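The values are calculated or read from the model by the stated rules, or taken from the named source; none is laboratory data. These numbers were taken from a predicted model, which means no experiment stands behind them. Cβ: placed from backbone, ideal geometry, glycine included. Neighbour counts: every protein chain shown.
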Amino acid sequence: MTPVEQSTLAQVTQRGRIVTRASREGAERVVRGALFLCALFSVLTTIAIIAVLAKEALTFFTLPNHPEISVWQFVFGTEWTPLLGAKPGFGVLPLISGTFLVTGIAACVALPVGLITAIYLSEFAPQWLRTPLKAVLELLAGVPTVVYGFFALTFITPDILQRVSRWVTGEEVFGTYNALSAGIAVGIMILPIVCSLGEDALRAVPRALRDGSAALGGTKFDTSIRVVVPAALSGIVAAFLLAITRAVGETMIVALAAGSLPTLTANPAAQVQTMTGYMVQIFLGDAPAGGVEYQSAYAVAAMLFLLTLSLAWIGGMVLRRFREEYD
Amino acid sequence: MNQRVPSKGTPIASWRRLAANRMFLVACLAATLLAVLVLSALLISILVDGWSSLHWDFLNSFASRKPEKAGIKAALFGSLWVVATCTVLAVPMGIGTALYLEEFAKKSRLTRFIQLNITNLSGVPSIVYGIIGLTAFTRLFGMIGANDAWSIGSEESFFYLRLPFGPSVLTAALTLMLVVLPVVIVASQEALRAVPKSLREGSLAMGATTWQTIWRTTLPAASPTILTGVILAISRAIGEAAPILVIGGALLIFQTPTNLMSDFTVLPLQIFNWAGRPQAGFHSIAAAAILVQLVLLLIFNGTAVAIRLRLQKPLQ
């Protein structure tokens, strides 16, 4: 006789409680319901975001003592002077141009460097170099953005930009606050995102494609650029878009380094204000709650939300539409 | 050149292709070196700025208008309070959502919608979450006015609660929960997906219910990966300044938090405040505070790596 057969029902019940089927299924239903509520919370969050932003933005556009504010004038106006007192202007274009300028600089820094690093990590790097390199990128990804802001303000601007410009042109081109230093810092911030997501996309390309290219006499460079990168293009573009979404929503770097003067300009040496930068200025307490400046921050937030949402949406569409399936 | 070339494509001499290969490798190394260089420049410049200000008194004194007397005691304790509360709130919620989506939900329209919704939430800028936190938690949608505020306990007791929450530790924790929730959910989902199906089937074949299978088999198998993801999410929460700034984290605080309703400040906000001032003295203490923040983050990430190495056993 085996030991299992020797144990009686009494011994089994001593070890574990016998649970009836009904109570087991009841507990199951309770747990399932609780977990469903957790999942529903994220939907509630989205509803709350949309409801709050819509309501407050609507309040801004229908303020009784500011009939001159309209959606048209807000979206296409070129004067953003909300704190001017007597005759404030609420045209959001300078803030959008500031956001795009900083994001554009960041993209110029992060996208090429990030893609090359991703290709290197996925296709070329030997194992002994991969591990420390990934550690460096993880560290860069973990640095809080306020630290990058401090770095832009106290190192990139005075020690690099001002020094180089003085050396090249002999005069002071960059002020304490400028779009270029903020853009570079934002670029450093999004670099790890481009690298790690890009590498994931490249690694997902099956080995057979690389082997085929190599068998046809392609060098490693040919294989990477003409076979692997095109095959992973949808993932790479999605990585780019996600990184750009992060750059658009980045707050602390631009609040510290870009300045607080809304300017409609493409000059990277100029002081600019981004949408997030304006929100920081308002919520830090420059404006009384409930006033027109305060409400305008909500309208800007709604604009920012729509912008990042459409970027995320485009990213998802690119992934779905242009994905190449290899099996 | 009598090279035969297929009808499409340009003929490229092999030496040129090899040269391109070599040049690309150089570009790769340069790009890689750039990342290392930037990290070193960042660390060195902050060490140079902040090392001299970093001493015991700096850790153990409160904010001050004079940089040489200012310290980060309130910010350090505030950060720890907020992050601990945020962890307690976000982790069950995040893992619960992941469990529902991975283990219970059928492939329905609703499930797809929730999944898409989570992906979209992870792209929302953190300052927007700050605005939601300000409206929903600080002011409770304006449902309760200042006159009929409701509370339990006195302001000194450790269980003191009031409605609306006001700019308090709990508000900050709830807001940061919104920020990190998508990260926790996605990380947990990936961890659950990596658990081999055969483990679940074995448990189900023994007569266990779905929840028993999850609690005794799937979750233990996925827990090291979930834990790593959670720690990384929390280390993101500890570095966030923008949402805290919006919900009204105070700047001059002269006590450490005593309960969930205490006024508070956090390290990133303190760093932002000092870094934004023109005087060099404040820049120096901002750098010193950054050093403390980075040490805190290193402890977090080091723990994540240690857990990954210690607990991760291959399951296949």
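Side notes on the structure shown:
- Against the test of being more than 22 Å from A:Leu40 (Cβ to Cβ) and not basic (Lys, Arg), the options B:Gln189, B:Gln255 yield a single qualifying residue, B:Gln255.
- Exactly one residue out of A:Leu161, A:Leu93, A:Leu129, A:Leu139 is under 26 Å from B:Arg236 (Cβ atoms) and of a type outside the set (Ser, Thr, Tyr), and it is A:Leu139.
- Residues that are part of a helix (DSSP H, G or I) and more than 7 Å from chain A (Cβ to nearest Cβ) within segment B:234-249 comprise B:Ile234, B:Arg236, B:Ala237, B:Ile238, B:Pro243, B:Ile244, B:Ile247, listed in sequence order.
- Filter result (within 11 Å of another protein chain (Cβ to nearest Cβ), hydrophobic (A, V, I, L, M, F, W, C) and surrounded by fewer than 24 Cβ atoms within 10 Å (Cβ to Cβ)) within segment A:252-296: A:Ile282, A:Phe283, A:Leu284, A:Ala289
- Yes/no for A:Phe151 being free of Cβ contacts under 8 Å to residues at least 12 places away in the same chain, aromatic (Phe, Trp, Tyr), at the interface with another protein chain (Cβ under 10 Å from one of its Cβ atoms) and within 28 Å of B:Ile238 (Cα to Cα): no
- Residues in segment B:78-108 that are surrounded by fewer than 17 Cβ atoms within 10 Å (Cβ to Cβ), more than 10 Å from chain A (Cβ to nearest Cβ) and under 18 Å from B:Ala233 (Cβ atoms): B:Leu80, B:Ala84, B:Val88.
- Applying the set (1) assigned to a helix (DSSP H, G or I); (2) under 16 Å from B:Ser79 (Cα atoms) to B:Gly202 leaves exactly one unmet item: (2).
- Some residue of segment B:43-57 being touching a Pro at 6+ places or on another chain (Cβ under 9 Å), of a type in the set (A, V, I, L, M) and part of a helix (DSSP H, G or I): no
- Scanning segment A:20-58 for residues that are of a type in the set (Val, Ile, Thr) and under 28 Å from the mean Cα position of the chain (by Cα) gives A:Val43, A:Thr45, A:Thr46, A:Ile47, A:Ile49, A:Ile50, A:Val52.
- Taken over segment A:135-148, the criterion of being part of a helix (DSSP H, G or I) and either at the interface with another protein chain (Cβ under 7 Å from one of its Cβ atoms) or in contact (Cβ under 8 Å) with a residue 40 or more places away in the chain (or both) is satisfied by A:Val136, A:Leu137, A:Glu138, A:Leu139, A:Leu140, A:Ala141, A:Gly142, A:Thr145, A:Val146, A:Val147, A:Tyr148.
- Among the residues of segment A:109-144, the ones that are among the hydroxyl-bearing types (Ser, Thr, Tyr) and touching an Asp or Glu at 6+ places or on another chain (Cβ under 6 Å) come to 1 in all.
- All conditions in (1) within 22 Å of A:Phe150 (Cα to Cα); (2) assigned to a helix (DSSP H, G or I); (3) within 11 Å of chain A (Cβ to nearest Cβ) hold for B:Pro278, with the sole exception of (2).
- Checking each residue in segment A:24-50 for being hydrophobic (A, V, I, L, M, F, W, C), within 9 Å of chain B (Cβ to nearest Cβ) and within 27 Å of B:Thr175 (Cβ to Cβ) picks out A:Ala34, A:Leu35, A:Phe36, A:Leu37, A:Cys38, A:Ala39, A:Leu40, A:Phe41, A:Val43, A:Ala48, A:Ile49.
- Residues of segment A:231-251 that are of a type in the set (Val, Ile, Thr) and away from every other protein chain (no Cβ under 13 Å): A:Ile236, A:Val237.
- Tabulated pairs, segment B:109-126, first facing chain A (nearest Cβ under 8 Å), second not β-branched (Val, Ile, Thr) and not in a helix (DSSP H, G or I), C-beta under 7 angstrom, 6+ apart or interchain: B:Ser126/B:Glu240
- Any hit, segment A:74-90, residues being surrounded by 14 or more Cβ atoms within 10 Å (Cβ to Cβ), among the β-branched types (Val, Ile, Thr) and not in a strand (DSSP E or B): no
- Among the candidates B:Thr213, B:Thr218, B:Thr265, B:Thr256, the residue that is assigned by TED's automatic domain parsing to the domain that holds B:Thr97, over 21 Å from the mean Cα position of the chain (by Cα) and in a loop (DSSP other than H, G, I, E, B) is uniquely B:Thr256.
- The set of residues from segment B:245-258 being within 11 Å of B:Trp81 (Cβ to Cβ) and surrounded by 18 or more Cβ atoms within 10 Å (Cβ to Cβ) comprises just one member, B:Pro257.
- Of everything listed in (1) more than 14 Å from every other protein chain (Cβ to nearest Cβ); (2) in contact with a Cys (Cβ under 7 Å, 6 or more places away or on another chain), the single unmet condition for B:Ile152 is (2).
- Output for segment A:176-231, where each listed residue is part of a helix (DSSP H, G or I) and among the aromatic types (Phe, Trp, Tyr): A:Phe221
- Applying the criterion of at least 2 residues that are modelled with pLDDT under 80, of a type in the set (S, T, N, Q) and under 30 Å from A:Arg29 (Cβ atoms) to the helices (runs of 4 or more DSSP H) found wholly in segment B:65-175 leaves an empty list.
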